[in-house]
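See structure below.
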Amino acid sequence: MSVAMHPKPNPETALITADETLAADPIPSIHRTVIEPTRSWEWVNWGELWRYRELLLFLAWRDVKVRYKQTLLGAAWAVLQPAMMMVVFVVFFGRLAGMSTNGIPQPLFFLTGVLPWFFFSSALANAANSVVGSERLITKIYFPRLAVPFATVLAAAVDFLVAGGLLLAVIVGYAIAGYPIAPGWQILLVPIAVALIGLTAAGLGTLLSALNVAYRDFRYVIPFFIQLGMFATPAIYMHPKGDEGPFVAALLILNPMNSLVETFRVSLLGGQVPWTGLGIAALAAVLLFLAGCFYFRKVEDRFADIV
Amino acid sequence: MTAAIRVEGLGKRYRLNRNAERAGYRTLRESLVDTISAPFRRKKESSTEDFWALDDVSFEVQPGEVVGIIGRNGAGKSTLLKILSRITKPTKGRVEINGRVGSLLEVGTGFHPELTGRENIYLNGSILGMGRKEIERKFDEIVAFAEVEKFLDTPVKRYSSGMYVRLAFAVAAHLEPEILIVDEVLAVGDAGFQKKCVGKMSDLATIGRTILFVSHQMGAVQSLCTHAIMLNNGSVRSAGAKETVIKNYLAEEHTEFVPEEWNTVNVGRSRDRAWFTGFSYKSSEPLAGNHLYPDGPAEFTLEIAAREVIRPLYISLSLLDRFDTPLVKADSVRLPDRFQLREGKNRFRLTIESLHLNPGSYRLSLWLANDIDVLDSVTGAAELTVSGFSRTPELRQPGIMGTVTNRFNLKYD
């Protein structure tokens, strides 16, 4: 008995319905894998990635677990880092430089800026190094490689949630002390802003992780660019006075992270939602994500040979 | 009947970079310079060299067959397994696999030293393709098989290497795929555990699972497999019933001595008062499959038979190159301790802390003496392979690096 060939053999695992398969065979199998040389244009197999979702979660869980186990302070780090950053910002940007916080208490203002930026930067940095760091895994077993950078973004999201506890405590503290915080419907934008930050980091991180395999110099420049990115995202540490001129204003609106940090803050503490910037950021996040996945897919078949 | 695995015209080409010591990645600057200078180059002189690790390999494996893949180092066995496990893509040809594949190219892939045994079972299981529910169902079985009940909540970095390997194999053994692809994992663990592993594999075979098994150990292929495929320089040299293929292999290849296997020292010398009867060797590095590797440890177990008590005793072991030049020598005369032989069988363990030899084949020589006489001497008792395994992947070097490993520096003055 011979199996009818697919007219266009799918290079990834193709699921055939049960009655199509080989009833006469001793092993009833619905799995059929065809392995062929890489074709030049191939899109990500999302179905396969979905089947491996548990692995994705396990990889993220491992990252979190190992990080919290290896460090003395464990999970406290996720809180301490943004907290220390906030203190430094309050002292230097707030007191010394006298930057405007738009009437929001400085600790609240800086914390709502630092937190989403920490999420973004750690997700991006970890994702960028993830594939090179998983050499042992990649050269020894098959799984959808995209799970590697995605898992690091998930792990960073866990840190973000832990640090979110600190923010919540500070907000509640201010509310008790009488500062008027009455979240309106904008609170619904919080998960959207966070998801867009995650998507942007995943897209950019996936792209960088693949580039990092082929060009190891990326490893050294990424921390520098992340630092640069923080300064180029003033929403983290100041409220614009409104006298920045059209050029800088355009720059700010084109920086997705600036709009996303701003959205995160105003949706928690109240204020004007930067709709245009948010729209641009959403578009950028989706495009970056697709571009990252596309490039990753294009080069991932060579990972095992060159990593 | 549909083949479980059908391989047609499979080829895999690697590009060897002639002038760069790292073959794979490059810096962005190199790429940019290449791209920019490309139009100005007179001819497309390439600095790369093609190497076909596999060339036009075709075969079929029927469901329920247990196939041993044999061949010398560099014959293409690992590349074949990597393609069948989808780790790397072929350059040409086609493979069709019907059935759920589980591949085991390494024991303990994805194990994290900081995580506990319990956590690693889940992590490793999911990496191998098991679902969380499936792992939960098999958890007790896995733990019992690995015999690590007491240490389940201990980080695996505190495990002995034996425990580590047992746990890792136990997870993999419970994968229960329809097609299992295994790379020499039987060469790990103590003898008792190896037996257990072989048992587990034959269990799988008896319930009709298809197994593809790469091994250097003809004994294991003989006892486990129904068929065999012999690769040579990237192509199939011989395939079919295991007896024929193994016979061909042994006829063609000189005997290779494999780590941890007990080897008898060839007879034909005078058995006067004391003589070497056998030896085994290993690096005690499970990640290297116990093969010797540059700057790694080398542990030899030597068995000596004696007709009388011999005291004092001197034992010497050396490794020679192919021209019989001694490169490394470990002579007990250099040690402060004094040794002796009892009547009957004696065993010694000789450990070289770090073996400064680059990858290659070396001949083993053994020598035995008392104060006055040389009692036994065997030149070229065996050919040992120092593998290319390296703890620091950056140190992996292509090409010939000389015989002796060394650390060096280069500075612009």
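The values are calculated or read from the model by the stated rules, or taken from the named source; none is laboratory data. Worth saying up front: this structure is predicted, and the values here are computed from it rather than measured. Ideal geometry is used to build each Cβ from the backbone, glycine not excepted, and the neighbour counts take in all protein chains shown.
A compact table of results
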read-out: Unmet criterion (only one of (1) modelled with pLDDT of 85 or more; (2) farther than 30 Å from residue B:5 by Cβ) for residue B:268; value: (1)
read-out: Qualifying residue in region A:147-155 (condition: out of contact with any Lys or Arg (no Cβ under 9 Å at 6 or more places or on another chain) and surrounded by fewer than 17 Cβ atoms within 10 Å (Cβ to Cβ)); value: no
read-out: Check on residue A:148, within 14 Å of chain B (Cβ to nearest Cβ), of a type in the set (Val, Ile, Thr) and in a helix (DSSP H, G or I); value: yes
read-out: Matching residues in region A:206-236 - criterion: being touching a Ser or Thr at 6+ places or on another chain (Cβ under 7 Å) and either within 14 Å of chain B (Cβ to nearest Cβ) or crowded, with 24+ Cβ neighbours inside 10 Å (or both); value: A:209, A:215, A:216, A:217
read-out: Yes/no for residue A:65 being in contact with a Pro (Cβ under 9 Å, 6 or more places away or on another chain), basic (Lys, Arg) and either within 14 Å of chain B (Cβ to nearest Cβ) or crowded, with 19+ Cβ neighbours inside 10 Å (or both); value: no
read-out: Region B:107-144, residues that are surrounded by 19 or more Cβ atoms within 10 Å (Cβ to Cβ), more than 21 Å from residue B:157 (Cα to Cα) and either facing chain A (nearest Cβ under 9 Å) or in contact (Cβ under 8 Å) with a residue 24 or more places away in the chain (or both); value: B:129, B:130, B:138
read-out: For residue A:40: the one exception among (1) within 30 Å of residue B:155 (Cα to Cα); (2) at pLDDT below 85; value: (1)
read-out: All positions within region B:90-105 that are within 9 Å of chain A (Cβ to nearest Cβ) and assigned to a strand (DSSP E or B); value: B:92, B:93, B:94, B:95, B:96, B:97, B:98, B:101, B:103, B:104
read-out: Condition met for residue A:143 (of a type in the set (Phe, Trp, Tyr), part of a helix (DSSP H, G or I) and farther than 13 Å from residue A:264 by Cα); value: no
read-out: Residues being within 14 Å of chain B (Cβ to nearest Cβ), aliphatic (A, V, I, L, M) and part of a helix (DSSP H, G or I) - total across region A:271-307; value: 3
read-out: Residue B:384 among the hydrophobic types (A, V, I, L, M, F, W, C), under 29 Å from residue B:289 (Cα atoms), at pLDDT 80 or above and outside any loop (DSSP other than H, G, I, E, B); value: yes
read-out: Residue within region A:228-245 that is at positive phi and either in the same structural domain as residue A:104 (by TED's automatic domain parsing) or touching a strand residue (DSSP E or B) at 6+ places or on another chain (Cβ under 6 Å) (or both) present; value: yes
read-out: Condition broken by residue A:273, with the remaining ones in (1) in contact (Cβ under 8 Å) with a residue 60 or more places away in the chain; (2) surrounded by fewer than 21 Cβ atoms within 10 Å (Cβ to Cβ); (3) closer than 29 Å to residue A:218 by Cα satisfied; value: (3)
read-out: Residue among A:115, A:49 that alone is crowded, with 19+ Cβ neighbours inside 10 Å and either closer than 30 Å to residue A:177 by Cβ or more than 9 Å from chain B (Cβ to nearest Cβ) (or both); value: A:115
read-out: Those residues of region B:231-265 which are modelled with pLDDT of 85 or more, over 19 Å from the mean Cα position of the chain (by Cα) and among the polar types (S, T, N, Q), in sequence order; value: B:235, B:238, B:244
read-out: Some residue of region A:137-159 being in contact with a Pro (Cβ under 7 Å, 6 or more places away or on another chain) and in the same structural domain as residue A:227 (by TED's automatic domain parsing); value: no
read-out: Top-ranked residue in region B:336-374 [being among the hydroxyl-bearing types (Ser, Thr, Tyr) and not in a loop (DSSP other than H, G, I, E, B); ranked as nearest to residue B:74 (Cα to Cα)]; value: B:361
read-out: Residue check, residue A:204 of a type outside the set (S, T, N, Q) and within 30 Å of residue A:44 (Cβ to Cβ); value: yes
read-out: Filter result (over 18 Å from the mean Cα position of the chain (by Cα) and not in a strand (DSSP E or B)) within region B:57-81; value: B:62, B:63, B:64, B:65
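Rundown of residues vs (1) over 26 Å from residue A:151 (Cα atoms); (2) in the same structural domain as residue B:196 (by TED's automatic domain parsing); (3) part of a loop (DSSP other than H, G, I, E, B); (4) out of contact with any strand residue (DSSP E or B) (no Cβ under 9 Å at 6 or more places or on another chain), yes/no style:
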{"residue": "B:83", "(1), (2), (3), (4)": "no, yes, no, no"}
{"residue": "B:88", "(1), (2), (3), (4)": "no, yes, yes, no"}
{"residue": "B:107", "(1), (2), (3), (4)": "no, yes, yes, yes"}
{"residue": "B:111", "(1), (2), (3), (4)": "no, yes, yes, yes"}
{"residue": "B:121", "(1), (2), (3), (4)": "no, yes, no, yes"}
{"residue": "B:133", "(1), (2), (3), (4)": "no, yes, no, yes"}
{"residue": "B:141", "(1), (2), (3), (4)": "yes, yes, no, yes"}
{"residue": "B:144", "(1), (2), (3), (4)": "yes, yes, no, yes"}
{"residue": "B:167", "(1), (2), (3), (4)": "no, yes, no, yes"}
